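The values are calculated or read from the model by the stated rules, or taken from the named source; none is laboratory data. Every value quoted in this text rests on a predicted model; they were computed, and no experiment measured them. Virtual Cβ from ideal backbone geometry, glycine too; neighbours counted across all protein chains shown.
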Amino acid sequence: MDIPDYDKALYYTLWGHWDDLLVLMVRTEDDLLSKKIQFFLQAYQHSLDEQHILSAHDDLLYYIDHAMKHVPTFALEL
């Protein structure tokens, strides 16, 4: 079973797997998700302003939450 990019992004973001998040940023087909990840990782690596980092982190989580509401759930086949 293929795990959707949004589930992966949520997991990596919440648990601090920045390397995996970077790989997901490159491989995902969702351009907006890729940009949100990019902005967060750049803020995390280069910003000295904690508020900017938290804002980018929250923007990423809000986008993931919004996108997951519109992804159809997969029915399990027996």
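Residues that are under 19 Å from residue 69 (Cβ atoms) and not aromatic (Phe, Trp, Tyr) number at least 3 in the following helices (runs of 4 or more DSSP H) confined to the range 1-50: 5-15, 31-46. Within the range 1-31, the set of residues being surrounded by fewer than 12 Cβ atoms within 10 Å (Cβ to Cβ) and more than 10 Å from the chain's Cα centre (by Cα) comprises 1, 2, 3, 15, 16, 19, 26, 27, 29, 31.
Close contacts from the range 36-56, counting a first residue that is under 16 Å from residue 9 (Cα atoms) and among the hydroxyl-bearing types (Ser, Thr, Tyr) and a second that is outside any helix (DSSP H, G or I) and modelled with pLDDT of 95 or more, with Cβ to Cβ under 8 Å and a gap of 6+ residues or different chains, come to none at all.
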